[in-house]
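Here's the structure, in structure tokens; my notes come after.
Derivation of every value follows stated rules applied to the coordinates shown; laboratory data play no part. Note that the structure is a prediction, hence the values are computed from the model and not measured. All Cβ positions, even for glycine, are placed from backbone atoms using ideal geometry, and neighbour counts span all protein chains on display.
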Amino acid sequence: MVAMAWRITYVRVELELYRKPDADLEGIQYRSLRRLLAFDPFTPSSFAGSFLVRNPMYLQSYVFASLFQKQLLETMRSELGAAVWPNPRFGPWLTEHWFRPSGEFDWVPHLRAVTGRPFGSAAYSRWAERTLRTAAAR
């Protein structure tokens, strides 16, 4: 969930870059992180730091991939009724339901056909809620 918060923040900053090129992008980033992750005020690192350089073209894909993964995994688990790992039935299920049409299809309608639900954040939200509940119980 922390990784998703970082990804959302970077996507938000990138979108603001296109909307308002002169905006305080670093301020947008850190305000967003403070809101999402409840950080205390802190001094931002230099934008030139080698560990902070990001390619703005791929981060949206990680947000979509996280949502996609939880939706497909939730469907697999509901149909197979088993733990994620080790589960020798997941490979054949993916082969039959996901990989059979090859890689040349629009994955959004295919995901709806396989899972019975439109692509969205519902499965991710359910996963996050369970994760937080489990962590709070410890």
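On a 0 to 90° scale, report how tilted helix 59-80 is relative to the longest principal axis of the chain, with both axes built from alpha carbons and the result rounded to the nearest 10.
30
For the stretch 60-137, take the convex hull of the Cα atoms, compute a quarter of its surface area, and give me that in nm², please.
Hull-based average projected area comes out at 6.0 nm².
So for the chain, Kirkwood radius off the Cα pairs, Stokes-Einstein at 4 °C and 1.567 mPa s: how many µm² s⁻¹?
The estimated diffusion coefficient comes to 73 µm²/s.
For the chain, what's the relative contact order in percent, using C-alpha pairs closer than 8 Å and at least 6 residues apart?
23
Compute the long axis of helix 122-137 from its Cα atoms, compare it with the longest principal axis of the Cα atoms of the chain, and write down the angle in degrees, 0 to 90, nearest 10.
It works out to around 80 degrees.
Going by alpha carbons, how many degrees (0 to 90, nearest 10) lie between the helix axis of 25-37 and the longest principal axis of the chain?
50
Could I have the simple spin-label model distance between residue 133 and residue 17, label points 7 Å from Cα toward Cβ, reported in nm to one decimal?
That separation, rounded to one decimal, is 3.9 nm.
For the stretch 65-108 and the stretch 1-43, what is the centre-to-centre distance using only Cα atoms, to the nearest Å?
Going from one Cα centre to the other spans 32 Å.
Stretched out fully, how many nm does the piece from residue 35 to residue 65 gain, at 0.36 nm a residue minus the Cα gap?
Taking 0.36 nm per residue and subtracting the Cα distance, the gain is 8.5 nm.
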